[in-house]
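The values are calculated or read from the model by the stated rules, or taken from the named source; none is laboratory data. Keep in mind that what you see is a predicted model, and the values were worked out from it rather than measured. For neighbour counting, all protein chains shown are included, and Cβ atoms are generated from backbone atoms with ideal geometry for every residue, glycine included.
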């Protein structure tokens, strides 16, 4: 489900709900603040809103409430959404930096990076799921970021060709190459990260984020082994999914010269020494 025809503002919240949203977004970063924001979110949604048009952190979004956890969470709790990770990107990504987003979903990291790298920066946004890919492209167009963000409609893996993506219809961000969360699968193109970077003429990466539901080792270990040193990202943010990895990704990162900067609730953040 994606409405890419209606103008921005079609799904804007009315006065009462807009105020509740502002209160939720303004809650302090604490256990009590999170609980209060969730109560406010429930009061706003309550079956009334499936789509919301809003400006979050100075960026326009059309966000979907019923089938994607990250979109719902980001709208009402941006102050809790990967706070350390996104603050680090805002600090490290300057005007003209290069950012790669693997598993871009509806574009929260991609648009944050595009906003902070400016029109001289480069963002490569990689997303294979056609439903959220459509949402990503719409959000880019809303902000006039289409020219500064290249979109790659494929998976990143350890081989080239077609693979089956298992869809999670209750949480589109949970669609995966390795986790069997449903029986619904679609064929998608897959390529190695080195192949995709060459396709887009990327020769340096200031920061990279990867969230591909347990397939991070398949995407990164061949890259770490084969990439020239100048192409290794200075910062890597990766979903913390060791139970699903078939290879020792932290060991590969350490061998490639990375130090673990921080482990957050959802991710591991690595920095090149």
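Quick notes
- The stretch 143-161, residues that are farther than 26 Å from residue 231 by Cα and surrounded by fewer than 19 Cβ atoms within 10 Å (Cβ to Cβ): 144
- Lone qualifier among 140, 63, 77 - being closer than 24 Å to residue 25 by Cα and out of contact with any strand residue (DSSP E or B) (no Cβ under 8 Å at 6 or more places or on another chain): 77
- Residues of the stretch 231-246 that are out of contact with any strand residue (DSSP E or B) (no Cβ under 9 Å at 6 or more places or on another chain) and at pLDDT 95 or above: 231 alone.
- All of (1) at pLDDT 95 or above; (2) surrounded by 19 or more Cβ atoms within 10 Å (Cβ to Cβ); (3) under 21 Å from residue 74 (Cβ atoms) hold for residue 132 with one exception: (1).
- Evaluation of residue 162 against (1) in contact with a strand residue (DSSP E or B) (Cβ under 8 Å, 6 or more places away or on another chain); (2) closer than 21 Å to residue 206 by Cα (one fails), failing number: (2)
- Scanning the stretch 221-242 for residues that are farther than 16 Å from residue 272 by Cβ and without any contact (Cβ under 8 Å) to a residue 12 or more places away in the chain yields one hit, 242.
- Close pairs (9 angstrom Cβ cut-off, 6 or more residues apart or separate chains): without any contact (Cβ under 8 Å) to a residue 24 or more places away in the chain in the stretch 135-160, not in a helix (DSSP H, G or I) anywhere: 141/4
- Number of the exception - residue 104 against (1) closer than 26 Å to residue 26 by Cα; (2) in the same structural domain as residue 233 (by TED's automatic domain parsing); (3) part of a helix (DSSP H, G or I); (4) touching a strand residue (DSSP E or B) at 6+ places or on another chain (Cβ under 7 Å): (3)
- Subset of the stretch 132-164 [within 17 Å of the chain's Cα centre (by Cα) and part of a strand (DSSP E or B)]: 149, 150, 151, 152, 155, 156
- All of 95, 99 fail the test of being assigned to a loop (DSSP other than H, G, I, E, B) and in the same structural domain as residue 127 (by TED's automatic domain parsing), apart from 95.
- Qualifying residue in the stretch 62-74 (condition: at pLDDT below 95 and over 30 Å from residue 156 (Cβ atoms)): no
Let's see how each residue does on (1) in the same structural domain as residue 106 (by TED's automatic domain parsing); (2) in contact with a helix residue (DSSP H, G or I) (Cβ under 8 Å, 6 or more places away or on another chain); (3) at pLDDT 95 or above:
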residue: 128; (1), (2), (3): yes, no, no
residue: 139; (1), (2), (3): yes, yes, yes
residue: 142; (1), (2), (3): yes, no, yes
residue: 147; (1), (2), (3): yes, yes, no
residue: 154; (1), (2), (3): yes, yes, no
residue: 157; (1), (2), (3): yes, yes, no
residue: 160; (1), (2), (3): yes, yes, no
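- Elements of the type strands (runs of 3 or more DSSP E) sitting completely within the stretch 197-273 and holding at least 2 residues that are buried (at least 19 other Cβ atoms within 10 Å of the Cβ): these cover 207-210, 235-239, 267-272.
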